[in-house]
Amino acid sequence: MNNNLNGLPFNFSKYPCRVYPASVNKLNGDGWAFIAEKNGEDMLIVMGSKAVEYQGKHFQNAGFSCIEAPLNSANAQILRQHFTFTAPVPVLRKDRSFGLGDRLGIAGEGHLQAMVEYDAYPVLAQQSSRELNLTQRSYVDVLDAASWAVFRHGYRRGFGADGDHLKKPEEVEYVLSLGFTMITLDCSEYIRNDVDDMSMEQVAKECVLTDEMRQRYLGQSFNVGDEIAITFCEDSLRRCILIYKKAIEFAAEIFKVHISDKTDQVDFEVSIDETATPTLPKQHYFVANELVHRGVKIATVAPRFCGEFQKGVDYIGDVKQFDAEMKVHAAIARHFGYKLSIHSGSDKFSVFPSIGKNAKGRFHVKTAGTSWLVAMQVVAEADPVLYRQVHKHALERFRDATKYYRVTTDIANLPDVDTLEDKSLPELFMLNDVRQLIHITYGFILTDKDDKGNFLFRDQLYVLWNKNRELYAQRLKEHIGRHLKLLYNQ
Ligand code: ZN
């Protein structure tokens with residue numbers, strides 16, 4: 001215990017605790033800071049003159065004034081000032097980046113363990129407003145959890161913070177004020193879903209092509225490399241305009257007002273993936289070309305790919321067709337100098353090789369729900385009684401959860417947890433229907449209360465995860481590692 005601490009001059013007989021060795025840092029030549037576990041809880045210990053800047057309990061140790069500072073938000077803010085590697089940076093401009101949503105605020109250690117074996121840059125803080133509402137957490141919580149994880153782990157390569165699927169200017173402004181380094185602008189509310197069903201005549205009636213648009217797109221062939229050319233006919237151009245015009249204007253406006261003066265600190269992702277139909281490659285080209293024409297600097301674009309990217313389960317669809325279209329999407333992204341962003345990237349094992357190969361080692365893949373599923377698998381492994389209760393509650397809440405997420409789960413297919421042996425419970429997570437059931441009911445599992453106003457499961461679950469931190473980190477490392485291995489295997 002407490003070995004290899006870089007000469008940390010701390011007297012442990014006066015203050016018994018267990019130090020995380022990688023967290024030991026010198027503070028500007030004037031003192032030290034580290035994280036230690038004391039009575040089952042992690043604390044930041046700061047020694048020296050900077051200790052007074054933190055909130056907490058003061059004490060003397062080894063001739064230093066020290067503070068025992070809880071891992072709260074005020075202290076995280078000071079930590080980010082003292083140790084800049086605990087503050088997020090823009091990482092989308094690196095060749096490979098990987099989004100690691102952590103709905104519970106406890107996955108950082110496992111995520112970092114998975115990432116250090118690869119050169120991809122993690123986006124550790126990544127959450128949508130929907131996820132925050134459902135888990136009753138805030139953007140501040142998400143950022144703080146990432147800073148603490150990075151400090152505890154001694155990870156210094158840099159991580160990103162993504163305000164994911166933001167739809168409103170005020171949300172963009174808010175997360176930027178917190179220091180987030182990536183905005184994923186969800187343009188879905190401005191994308192028309194009815195155009196595919198319209199006839200050529202209807203389309204022609206609704207969209208009169210201007211001379212400018214005719215000149216920009218018709219009668220030519222756009223070479224995007226790899227012997228791929230994009231062409232437009234009048235009808236396909238009209239459809240592009242009808243479907244995406246408002247979304248393009250929205251993205252351009254958000255960029256101009258909120259991001260254009262800080263492109264060195266912020267990556268801008270344009271997400272057009274939450275639509276009823278896939279983004280055709282030429283539509284992707286059109287959106288990118290129009291954004292570039294308006295001076296928008298894009299780090300990543302998230303098209304909606306063919307087939308289905310449902311949450312927490314493998315790709316559903318024709319892998320060959322996916323591969324053919326991915327080739328074109330990736331070429332378009334390269335042509336314009338941004339990366340493809342793959343949303344709902346959790347567990348899409350059958351298409352990772354295609355993504356890695358076609359993107360030629362430049363990609364951003366987002367995952368979120370899968371880390372939550374691993375956390376629940378740990379519950380099944382470590383506390384079968386609690387797991388059965390949670391599982392049954394999830395079944396009761398399944399219908400309500402389908403309001404937020406579209407899945408094809410058939411709960412009639414599920415085995416009865418009461419008839420399964422304890423040791424078989426973790427294997428439930430090999431079944432897609434169980435994965436989707438647990439995946440989409442997380443909000444209810446975490447926030448539902450009994451008649452007295454106490455959480456049904458939240459507190460018990462966190463106690464269990466806290467006790468099984470190493471197991472969770474290990475399982476996450478294995479699971480996220482499987483994603484990266486396939487993406488890197490070109
Ligand atoms: Zn998305």
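Other residues within the sphere of radius under 9 Å centred on the Cβ of ILE35, judged by their own Cβ, net out at -1 (K and R +1, D and E -1).
Here the chain carries DSSP beta bridges of which approximately 45% are antiparallel, counting only pairs with both residues inside.
Please report, largest first and rounded to whole Å, the three semi-axes of the ellipsoid equivalent to the range 18-71, where each semi-axis is the square root of five times an eigenvalue of the C-alpha gyration tensor. Can you show the working numbers first?
Values: eigenvalues 53, 33, 18 Å².
Largest first, the range 18-71 gives 16, 13, 10 Å.
Across the range 72-185, the fraction of Cα-Cα pairs farther apart than 25 Å, rounded to a whole number, is 13%. With θ taken as phi - 60° and the Karplus curve 6.51 cos²θ - 1.76 cosθ + 1.60 applied, the whole-hertz 3J(HN,Hα) list for the range 371-388 is 5, 5, 4, 5, 4, 6, 5, 5, 4, 4, 6, 9, 8, x, 5, 4, 4, 4 Hz, x standing for glycine and proline. Annotation: amide H-H contacts under 5 Å for SER138 (H modelled 1.01 Å from N, sequence separation of 5 or more, or interchain): none.
Over the range 29-113, what lengths in whole Å, largest first, do the semi-axes of the equivalent ellipsoid take, defined as the square roots of 5 times the eigenvalues of the alpha-carbon gyration tensor?
In descending order, the three semi-axes are 29, 16, 11 Å.
Distance from the C-alpha centroid of the range 425-470 to that of the range 259-318: 32 Å, rounded to the whole angstrom. Taking every protein chain into account, the accessible area of the range 249-306 amounts to 36 square angstrom per residue (probe 1.4 Å).
Over the range 18-71, calculate the relative contact order: mean separation of alpha carbon pairs under 8 Å at least 6 apart, over the residue count, as a percent. Show your work: numbers first, answer last.
Details: 106 pairs, mean separation 15.0, N = 54.
Once divided by the residue count of the range 18-71, the mean separation gives 28 percent.
Considering all different alpha carbon pairs of the range 86-370, the Kirkwood hydrodynamic radius works out to 19.4 Å. Pairwise alpha-carbon distances in the chain exceed 39 Å for 29% of all pairs.
Treating only the Cβ of Lys, Arg, Asp and Glu as charged (+1, +1, -1, -1), what charge dipole size does the range 225-354 show about its Cα centre? Round to the nearest 20 debye.
Working: 16 positive and 19 negative charges, 51 e Å.
Using only the charged Cβ atoms, the result is roughly 240 debye.
Relative intensity of the range 330-408 on a log10 scale, I(q)/I(0) at q = 0.17, 0.21, 0.22, 0.27 Å⁻¹, equals -0.82, -0.99, -1.04, -1.24, per a Debye sum over C-alpha point scatterers of equal strength in the absence of solvent.
For the range 123-271, the normalised intensity computed at q = 0.12, 0.19 Å⁻¹ comes to -0.69, -1.10 (log10 of I(q)/I(0), Debye sum over alpha carbons, equal scatterers, no solvent).
Considering the convex hull of the alpha carbon atoms of the range 376-480, report its projected area averaged over all viewing directions, in nm², one decimal. Numbers along the way, then the final one.
Details: hull surface 28.3 nm².
Value for the range 376-480: 7.1 nm².
Mind ordering 222-234, 434-446 by average Cβ neighbours within 10 Å, highest first? Before the final figure, lay out each step's value.
Values: 222-234: 14.8, 434-446: 24.2.
The densest-packed peptide leads the list: 434-446, 222-234.
The values are calculated or read from the model by the stated rules, or taken from the named source; none is laboratory data. Since the structure is predicted, the reported quantities are computational estimates derived from the model, not experimental observations. Quick reminder, even Gly has a Cβ in these numbers, built from the backbone with ideal geometry, and neighbours come from all protein chains shown. We work out accessible area using only protein heavy atoms, side chains counted, and drop any ligands, DNA or RNA first. Shrake-Rupley method; radii C 1.70, N 1.55, O 1.52, S 1.80 Å.
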